[in-house]
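Right, I'll just put the structure down here and ask away after.
The values are calculated or read from the model by the stated rules, or taken from the named source; none is laboratory data. Note that this is a predicted model, so its numbers are computed, not measured. Glycine gets a Cβ as well: all are built from the backbone with ideal geometry, and neighbour counts include every protein chain shown.
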Amino acid sequence: MEEIIIEALERPKKSGKFKEQGFVPGVLYGEGIEATTSVKFDALIVRKLISHHGSNAKVWVQYKGSKKFGFVKEVQFDPLSRRLLHIDVQMVAKDQKIQLHVPIHFINEDSLKVNQLEFQIYKHEVTVTGDMTLMPEAIEVDVSTLALGDQITYADFKLEESLVTDDLELIYGVVNHLKVLEVEEPETDADGAATVEPALVGEEEE
């Protein structure tokens with residue numbers, strides 16, 4: 001597993017919004033942390049981390065001379081500007097069992113259109129419990145070879161046997177007939193011009 005290290009800096013607790021340029025506020029908690037600790041991270045580094053490794057990224061956090069293992073538990077963005085607002089990092093032992101919401105990426109959906117099919121997604125993530133080191137950052141599912149009526153369930157994710165879920169029968173997506181929007185063409189006269197019935201005098205057009 002690639003070792004990703006981010007540095008956390010001490011952040012004094014203050015009332016009001018965090019306004020320090022170039023940093024994003026966050027907290028550390030969990031294994032080896034006596035109490036939830038307010039910290040700040042380099043905003044650019046955090047953005048790159050999430051962009052390359054997802055919102056459940058596994059990381060080593062360097063803080064006050066020690067390095068602890070953990071994962072990104074929650075990330076908050078501004079819903080309009082998408083500005084990074086806050087990040088929670090939970091520290092864990094490397095062999096600790098945890099529960100994560102792992103994102104699912106369905107790929108090659110357009111390939112189904114050749115056969116007049118489409119893939120309908122029901123859920124974009126799956127709840128998985130197991131060893132932290134075995135947790136995937138995301139799950140990729142190729143749907144290009146599926147046929148009409150085929151469904152995607154947990155068994156299709158091909159995860160390690162020790163990783164489990166409570167939703168074994170849950171359907172994450174299904175292949176349906178491609179829905180084609182039918183557009184009525186206007187009636188035309190002999191010259192191909194569209195015909196419009198004239199409105200009667202005093203009659204309001206709808």
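Checking the condition within 24 Å of E31 (Cα to Cα) and either out of contact with any Gly (no Cβ under 8 Å at 6 or more places or on another chain) or not polar (S, T, N, Q) (or both), which residue from H124, H101 passes? Before the answer, list the steps.
On the way: H124 fails: within 24 Å of E31 (Cα to Cα).
H101 is the lone residue from the list that is within 24 Å of E31 (Cα to Cα) and either out of contact with any Gly (no Cβ under 8 Å at 6 or more places or on another chain) or not polar (S, T, N, Q) (or both).
With the structure loaded, tell me whether T165 is in the same structural domain as I107 (by TED's automatic domain parsing), within 27 Å of N115 (Cβ to Cβ) and either over 19 Å from the mean Cα position of the chain (by Cα) or polar (S, T, N, Q) (or both) or whether it fails that test. Step through it out loud before you land on a result.
On the way: in the same structural domain as I107 (by TED's automatic domain parsing): yes; within 27 Å of N115 (Cβ to Cβ): no; either over 19 Å from the mean Cα position of the chain (by Cα) or polar (S, T, N, Q) (or both): yes.
Spelling it out, it is not the case that T165 is in the same structural domain as I107 (by TED's automatic domain parsing), within 27 Å of N115 (Cβ to Cβ) and either over 19 Å from the mean Cα position of the chain (by Cα) or polar (S, T, N, Q) (or both).
Looking at K67 and the list (1) outside the structural domain of V24 (by TED's automatic domain parsing); (2) among the charged types (D, E, K, R); (3) touching a residue at least 60 places away in the same chain (Cβ under 8 Å), which single condition is not satisfied?
With respect to (1) outside the structural domain of V24 (by TED's automatic domain parsing); (2) among the charged types (D, E, K, R); (3) touching a residue at least 60 places away in the same chain (Cβ under 8 Å), K67 is out only on (1).
Read through the list (1) loosely packed, with under 14 Cβ neighbours inside 10 Å; (2) assigned to a strand (DSSP E or B); (3) not charged (D, E, K, R), then give the number of the only condition that Q21 fails.
Result: Q21 passes all but (2).
Just name the residue that is farthest from the chain's Cα centre (by Cα) out of those in segment 82-117 that are in a loop (DSSP other than H, G, I, E, B) and exposed (fewer than 13 other Cβ atoms within 10 Å of the Cβ). Outline the logic, then answer.
Residues of segment 82-117 in a loop (DSSP other than H, G, I, E, B): 82-83, 92-96, 108, 116.
Within this subset, residues satisfying the condition of being exposed (fewer than 13 other Cβ atoms within 10 Å of the Cβ) are 82-83, 94-95, 116.
Numbers: R82: 14, R83: 16, K94: 24, D95: 25, Q116: 28 Å.
Filtering first and then ranking leaves Q116.
Of the numbered conditions (1) closer than 30 Å to I6 by Cα; (2) part of a strand (DSSP E or B); (3) not assigned by TED's automatic domain parsing to the domain that holds V27, Q120 fails exactly one; give the number of that condition.
Exception for Q120: condition (1).
Also, quick follow-up: Conditions first: (1) at pLDDT 90 or above; (2) of a type in the set (D, E, K, R); (3) buried (at least 17 other Cβ atoms within 10 Å of the Cβ). R11 passes all but one, so which condition is the exception?
The single condition R11 does not satisfy is (1).
Counting only residues that are exposed (fewer than 15 other Cβ atoms within 10 Å of the Cβ), assigned to a loop (DSSP other than H, G, I, E, B) and not small (G, A, S), how many does segment 124-149 have?
3
Next question, about the same structure. State whether the residues of segment 46-58 include one that is surrounded by 19 or more Cβ atoms within 10 Å (Cβ to Cβ), among the hydrophobic types (A, V, I, L, M, F, W, C), part of a strand (DSSP E or B) and not assigned by TED's automatic domain parsing to the domain that holds P136.
no
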